[in-house]
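The values are calculated or read from the model by the stated rules, or taken from the named source; none is laboratory data. Small disclaimer: the values here were computed from a predicted structure and weren't measured. Because the Cβ atoms are built from the backbone with ideal geometry, glycine has one as well, and the counts that use them run over all protein chains shown. Remember, those area values only see protein heavy atoms, side chains included, never the ligands or the DNA or RNA. Shrake-Rupley method; radii C 1.70, N 1.55, O 1.52, S 1.80 Å.
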Amino acid sequence: MKNNKFIVIEGLEGAGKTNASMCIKNTLNQKNIKNIILVRQPGSTPIAEKIRKLIKNKFDSDELTKETELLLIYAARIQLVKKIIKPALKNGMWVISDRHDLSSLAYQGGGLGIKKKIISQLKNLFLKDFVPDLTVYLDVAPKIGLKRALKRNTLDRIECRSLNFFKKTRKIYLKNISLDKKIIKINANLNIDTVNKNIEKKISNWLQKKNI
Ligand code: T5A
């Protein structure tokens, strides 16, 4: 029987998702799991990467409406799920995704105020019962996360939003993780070594519980 899994990493900007992806991959490698692919959302297929640019870049002459933003993100997600994630899982690969549909609930739902019902309808229509086996939520205070993101790069279209936008986004993340037993919360305000140790420990425990 295949025991490969779909693992998602979630969190605000600068939460450390890129770092966490590598940490989870290394932890799996230590358990002799080597057949792993890393993907990011939006992105990771040629078309989804084009959509990613539309999402992240600012346009002087036009502005994405919140509904357009949601639909573009969902279009990129469906492209990735159908073309890469599902076939990889079918072939026995482990998939680690930097973000998935919880990001839409948090950012477009919490941050932009699109009704949960609308986002859930999209999810039910296109993802149906396809859900991650595990989600690792990196909880960071918006101010800390944005400071880290700013240190690394100039801020993109979404990162330029107000602190209040990210506070509302985090609130929805926290609400959802309290409802879902398949989400692990990590305190991502701590230094990177401590965060890595905590991720490694929680992933190892989870694997043990799954007899992997
Ligand atoms: N989006 C996406 C939506 O609005 N809705 C959706 O449904 C989806 C899927 C994606 C954007 O799209 C939006 C959200 C995003 O705005 P992105 O560039 O992929 O764009 O943005 P993020 O996913 O947020 O990626 P970031 O690269 O900004 O954040 P990460 O990956 O969480 O952070 P990371 O690992 O690159 O770390 C950032 C910096 O902080 C340092 C790192 O070394 C790095 O320099 N760092 C730490 N420093 C101190 N202590 C720690 N614990 C640290 N952890 C990391």
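Just one of the numbered conditions (1) open to solvent by less than 30 Å² (accessible area, probe 1.4 Å); (2) within 12 Å of the ligand (Cβ to nearest atom); (3) within 17 Å of residue 8 (Cβ to Cβ) is not true of residue 172: (1). Evaluated against (1) among the charged types (D, E, K, R); (2) assigned to a helix (DSSP H, G or I); (3) surrounded by 15 or more Cβ atoms within 10 Å (Cβ to Cβ); (4) within 9 Å of the ligand (Cβ to nearest atom), residue 167 falls short on exactly one condition, (4). Counting only residues that are touching a Ser or Thr at 6+ places or on another chain (Cβ under 7 Å) and acidic (Asp, Glu), the stretch 79-114 holds 1 of them. Looking across the stretch 139-156, just one residue is assigned to a loop (DSSP other than H, G, I, E, B) and touching a helix residue (DSSP H, G or I) at 6+ places or on another chain (Cβ under 6 Å), and that is 156.
Taking residue 189, is it part of a helix (DSSP H, G or I), over 23 Å from residue 3 (Cα atoms) and either without any contact (Cβ under 8 Å) to a residue 40 or more places away in the chain or in contact with a helix residue (DSSP H, G or I) (Cβ under 8 Å, 6 or more places away or on another chain) (or both)?
no
Here residue 117 passes the criteria (1) part of a helix (DSSP H, G or I); (2) crowded, with 21+ Cβ neighbours inside 10 Å; (3) not β-branched (Val, Ile, Thr) except the one numbered (2). Of all residues in the stretch 24-56, which are open to solvent by less than 90 Å² (accessible area, probe 1.4 Å), touching a residue at least 24 places away in the same chain (Cβ under 8 Å) and more than 19 Å from the chain's Cα centre (by Cα)? If the condition is that a residue be open to solvent by less than 90 Å² (accessible area, probe 1.4 Å), touching a residue at least 24 places away in the same chain (Cβ under 8 Å) and more than 19 Å from the chain's Cα centre (by Cα), then 33, 35 are the ones that fit.
Please go through the stretch 40-93 and give me each residue that is of a type in the set (A, V, I, L, M) and away from the ligand (no atom under 14 Å from the Cβ), ordered by number.
47, 84, 88, 89, 93
Against the list (1) under 16 Å from residue 176 (Cα atoms); (2) part of a loop (DSSP other than H, G, I, E, B), the condition residue 58 fails is (1).
Among the numbered conditions (1) open to solvent by 50 Å² or more (accessible area, probe 1.4 Å); (2) without any contact (Cβ under 8 Å) to a residue 40 or more places away in the chain, the only one that residue 86 does not meet is (2).
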